[in-house]
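The values are calculated or read from the model by the stated rules, or taken from the named source; none is laboratory data. This one's a predicted model, so the numbers in the text were calculated from it and none came from an experiment. Reconstructed Cβ throughout: ideal geometry from the backbone, glycine too, with neighbour counts over all protein chains shown. Ligands, DNA and RNA are excluded from the accessible area calculation, which covers all protein heavy atoms including side chains. Shrake-Rupley method; radii C 1.70, N 1.55, O 1.52, S 1.80 Å.
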Amino acid sequence: MKNRFLDKIKVTQSNKKTLRNIVTPMLWTREKTSIHRHSSLLNKSYDFVQEPAIGALIYCQLGTAEHSGVYIGNKNVIDLNRKGEIKKVSLKEFTGNILSTDKDIFIPVMKHAMWPLGDENIAKEAIKNLSERRKYNLLDDNCHQFVAGCIMGSLENDCNFLFMVKEEFSKFLSVEESNIVWVRWKWYLS
């Protein structure tokens, strides 16, 4: 589902504050299954300890926003940090932001089978971009755009919000979004 509203927005210096304060929070409310809820029977995350698949889109919660990255195995993630650096980081570093509300990481699993989803080609694309620099901007060039670029093969894209990256991830895997559940992975327990 393409968001027609976002297609019409041109980010300029004069409307960045409006976007940041009004539009962005409205878009965050579009998030789907098991987003930022505490563990429950409904999201089957109360005891999910299995590692994500290599090339999985993963994210953690930062206050009212999220930080996303590409899981590459061995408890390592490639992400774009707020300094514009594309780096390989540990899970502790990935969730270690001062704004992190918890240390859980959300990972995609197939709804009924509950097995982790990912693709090694996404991980290879992330690795290919290691040590690159971007002009980081919270709205224009952020971690979500980086992850979408690893999925789509081009870092120059318009996927600046988590829900957009999730759409691209499900398209890439040819799995309906409704068949993907985002569960809490308590990586620090394993």
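Amide H contacts of Glu132: Ile86, each under 5 Å away and 5 or more positions distant or on a separate chain (H built 1.01 Å from N in the peptide plane; Pro and chain starts excluded). Of the accessible area of region 130-190, computed with a 1.4 Å probe over protein heavy atoms only, carbon and sulfur atoms account for 48 percent.
Packing, taken as the mean count of other beta carbons within 10 Å per residue, orders the peptides 170-182, 62-74 from highest to lowest as 62-74, 170-182.
Pairs over the 23 Å Cα-Cα cut-off, from the set Lys75/Lys135; Lys124/Lys186; Lys111/Lys166; Lys88/Lys166; Lys92/Lys171: Lys75/Lys135; Lys124/Lys186; Lys92/Lys171. Using +1 at the C-beta of Lys and Arg and -1 at the C-beta of Asp and Glu, which of Met152, Leu189, Ile107 has the Cα lying farthest in the positive direction of the dipole of region 74-190? The residue sitting farthest along the positive end of the dipole is Leu189. Region 68-103 and region 139-189 have Cα centres spaced 15 Å apart. For region 140-146, 3J(HN,Hα) computed residue by residue from phi via the Karplus equation (6.51, -1.76, 1.60; θ = phi - 60°) reads 9, 8, 10, 4, 5, 5, 4 Hz, glycine and proline entered as x.
Note on Lys87/Asn137: beta-carbon distance plugged into 1/(1 + (r/R0)^6) with R0 of 25 Å gives a FRET efficiency of 0.90. Backbone geometry of region 58-63 corresponds, through the Karplus equation with coefficients 6.51, -1.76 and 1.60 at θ = phi - 60°, to 3J(HN,Hα) couplings of 10, 8, 10, 8, 10, x Hz, x marking Gly and Pro. Over region 56-143, accessible surface divided per residue gives 49 Å², non-protein components excluded, 1.4 Å probe.
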